[in-house]
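The values are calculated or read from the model by the stated rules, or taken from the named source; none is laboratory data. Nothing here was measured: the structure is a model prediction, and the numbers come from that model. Counting neighbours? That spans all protein chains shown, and the Cβs are built from the backbone with ideal geometry, glycine included. Side chains included, ligands, DNA and RNA excluded: accessible areas come from the protein's heavy atoms. Shrake-Rupley method; radii C 1.70, N 1.55, O 1.52, S 1.80 Å.
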Amino acid sequence: MNAISRPSISVDLQSDTRTKPRPHILSAMFQAKVGDDCYGDDPSVNALQAYCAKMFGKEAALFTCSGTQSNQIALLCHTKPGDEIILDHNYHIAYYESAASAKFAQVALNTIQSPDGVLDVDTIDTAIKSRPRGLLYSKTRMIGLENTIAFHAGSVFPMQNMERIGAYARDNEIKVHLDGARLLNACVASGTTPDQWARHVDTVSLCFAKGLGAPFGSILVGDSETIDRAKAYRKMFGGGMHQAGFMAAAALEALRTNVNRLAEDHDNARLLHALLKESPNAKPVHDTPPTNIVIFDVASTGLNSTAFCSKMASHGVHLFPWLKHVRAITHQDVTREQVEWAAGRIIEVANRHAEQRMALV
Ligand SMILES: *Cc1c(COP(=O)(O)O)cnc(C)c1O
């Protein structure tokens, strides 16, 4: 066995979806009381849904399989085939789910190419007016927003913009769906509460299997009428789950115990950012991270981002290629010490490759 090629430490910064359930979460699952959620009598699912409805200040909530499923159900609830939705071109719904929206809701995406994922009333109004309207043409039925904004290093959407967009949408009979996969990161970072965001929009989705550390699932919240229809769409997606209470109990335990902990992930992301900033060959591309995502540039190493990530994996640091850059996401399974160690390895490998490249020139 070659000890050098097999790192004894392994730090996984690929995504906060990589988190594994901790003992207290597993114990909540083992102790969960379950029924059959397709009959509506699973007490753990009902408890989770009631907790989430209250947390968001909405009438009802639906436990779904994933963030993507929540988003696609929201699109089905708010639109009809041939309608149009407005959103930023790099939001998850447009960037990762556009084929799903073509397949299921069958809506046209009118995307805004904003530099930072922050939409406002003017850019939305301009996007709507950029296309012909009237009886012969498609109507804008939904605006999609995202918070935190994943593509832009987990930035927090400005509350004031969400408030104005909400008012504009109501005036124009347009629904608003907020993809809040990491909304609790935004809340912890900005000292806000979920209901403060939710009051400006019709539906919100939130992921349990990211920084919250549950193994599975997402919630979709909205008014009762919308959530009743959402339940039917979930069933059509094959998402009617019977003893789902085991999973719901994990999500509820995560909500009760792991929300404030997200601040540690944000501290660790700031630490990683500060350490990488000192290196000429792994420079962060954004300012200090507001939440848990750091994106950095390795162009000077002569390696593309995929090659750099596989090189780092062989050194025990698992990163995610993010177009031409590299992405690291901090989460509960990575300690401060591991972040320091990982930053050291990243800088060392990046510097070595940059030096080799210079030697060749
Ligand atoms: C992770 C994520 C989702 C949903 O992801 P799933 O893997 O389907 O749970 C949706 N939107 C954003 C912004 C995300 O980061």
Report summary line: Inside segment 48-68, the number of residues satisfying the requirement of being surrounded by 24 or more Cβ atoms within 10 Å (Cβ to Cβ) and within 11 Å of the ligand (Cβ to nearest atom) is 2
Report task. Kindly indicate whether residue 232 is at pLDDT 95 or above and closer than 19 Å to residue 70 by Cα. Result -> yes
Report summary line: Only one of 345, 270 is in contact (Cβ under 8 Å) with a residue 24 or more places away in the chain, surrounded by fewer than 21 Cβ atoms within 10 Å (Cβ to Cβ) and of a type in the set (Lys, Arg), namely 345
Report summary line: Selection from segment 162-214 of residues away from the ligand (no atom under 15 Å from the Cβ), of a type in the set (S, T, N, Q) and closer than 20 Å to residue 95 by Cβ yields none
Query - Scope segment 73-84; condition within 16 Å of the ligand (Cβ to nearest atom) and either surrounded by fewer than 24 Cβ atoms within 10 Å (Cβ to Cβ) or at pLDDT below 95 (or both); matching residues - result: 76
Query raised in the report: Only one residue in 212, 206, 184, 178 is assigned to a loop (DSSP other than H, G, I, E, B), at pLDDT 95 or above, crowded, with 24+ Cβ neighbours inside 10 Å and not β-branched (Val, Ile, Thr), so which one is that?
Result: 212
**Report entry** Residue within segment 242-256 that is part of a helix (DSSP H, G or I) and closer than 30 Å to residue 324 by Cβ present
**Finding:** no
Report task. Go through 148, 126, 140 for me and flag whichever is open to solvent by 30 Å² or more (accessible area, probe 1.4 Å) and at pLDDT 95 or above. Result -> 126
Query raised in the report: So which residues in segment 247-267 are crowded, with 17+ Cβ neighbours inside 10 Å and in contact with a His (Cβ under 7 Å, 6 or more places away or on another chain), if there are any at all?
Result: 253, 265
